[in-house]
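Q: I'd like to ask some things about the structure below.
The values are calculated or read from the model by the stated rules, or taken from the named source; none is laboratory data. Treat the numbers as computed from the prediction; the structure is a model and nothing was measured. Cβ coordinates were reconstructed from backbone atoms using ideal geometry, including for glycine residues, and neighbour counts include every protein chain displayed. The area values use the complete protein model at the heavy-atom level, side chains included, leaving out ligands, DNA and RNA. Shrake-Rupley method; radii C 1.70, N 1.55, O 1.52, S 1.80 Å.
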Amino acid sequence: QVQLVESGGGLVQPGGSLRLSCAASGDIFRIDVMGWYRQAPGKQRELVAKISGGGSANYPESVKGRFTIAIDNAKNTVILQMNSLRPDDTAVYSCYAHIAVSRYNGYDDYWGRGTQVSVSS
């Protein structure tokens, strides 16, 4: 059993910063990818950032240059630093991880419960 526990989020003014953290725990053999998605009301879920266990990161154009993702393999934790936040960044942010629970199993996707990020003056 794998669990993802998110922390961070909240209300911030435009131009401000927030830091999200997601820790994976349980039966983890290897983490392939960890990342964050977000979903705003009435909109489809979209990728915010993802990072491989080797540290290769990807961002969509909407957050590139403002958001930074980092992974701590020793702690099975991914951090999302969000700077220069805008009102259109308001959404529920959910952590996900692509994890193998043993050397005999394939990889499966796991999700956190989500945390609200609100950007408003």
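Q: For the stretch 1-14, enumerate the residues that are open to solvent by 60 Å² or more (accessible area, probe 1.4 Å) and assigned to a loop (DSSP other than H, G, I, E, B).
A: Within the stretch 1-14, 1, 13, 14 meet the criteria.
Q: Scan the stretch 103-121 for residues that are touching an Asp or Glu at 6+ places or on another chain (Cβ under 7 Å), of a type in the set (Ser, Thr, Tyr) and open to solvent by less than 50 Å² (accessible area, probe 1.4 Å) and report the count.
A: Matching residues across the stretch 103-121 total 1.
Q: Does residue 20 satisfy the condition of being within 21 Å of residue 121 (Cα to Cα) and either open to solvent by 20 Å² or more (accessible area, probe 1.4 Å) or in a loop (DSSP other than H, G, I, E, B) (or both)? Don't jump to the end; show me each part of the working.
A: Values: within 21 Å of residue 121 (Cα to Cα): yes; either open to solvent by 20 Å² or more (accessible area, probe 1.4 Å) or in a loop (DSSP other than H, G, I, E, B) (or both): no.
Spelling it out, it is not the case that residue 20 is within 21 Å of residue 121 (Cα to Cα) and either open to solvent by 20 Å² or more (accessible area, probe 1.4 Å) or in a loop (DSSP other than H, G, I, E, B) (or both).
Q: Quick check on my filter: what residues within the stretch 28-87 are in contact with a His (Cβ under 6 Å, 6 or more places away or on another chain) and surrounded by 15 or more Cβ atoms within 10 Å (Cβ to Cβ)?
A: As a first pass, look at the stretch 28-87 and keep what is in contact with a His (Cβ under 6 Å, 6 or more places away or on another chain): 32-33.
Listed by number, the list holds a single entry, 33.
Q: Every residue in the stretch 104-121 that is part of a loop (DSSP other than H, G, I, E, B) and free of Cβ contacts under 8 Å to residues at least 24 places away in the same chain, please.
A: In the first step, residues of the stretch 104-121 are kept if they are part of a loop (DSSP other than H, G, I, E, B); the result is 104-106, 112-114, 120-121.
Within the stretch 104-121, 104, 106 meet the criteria.
Q: Identify the residue in the stretch 24-52 that is part of a strand (DSSP E or B) and of a type in the set (D, E, K, R) and, among all such residues, is nearest to residue 93 (Cα to Cα).
A: Step one: list which residues in the stretch 24-52 are part of a strand (DSSP E or B), which gives 24-26, 30-39, 46-52.
Cutting the leftovers down to of a type in the set (D, E, K, R) gives us 30, 32, 38, 46, 50.
Working: 30: 23, 32: 20, 38: 4, 46: 10, 50: 13 Å.
Once the filter is applied, the top-ranked residue is 38.
Q: Please enumerate the residues belonging to the stretch 1-51 that are among the basic types (Lys, Arg) and modelled with pLDDT of 95 or more. Write out each step before concluding.
A: Residues of the stretch 1-51 that are among the basic types (Lys, Arg), as a first pass: 19, 30, 38, 43, 45, 50.
The answer is 19, 38, 43, 45, 50.
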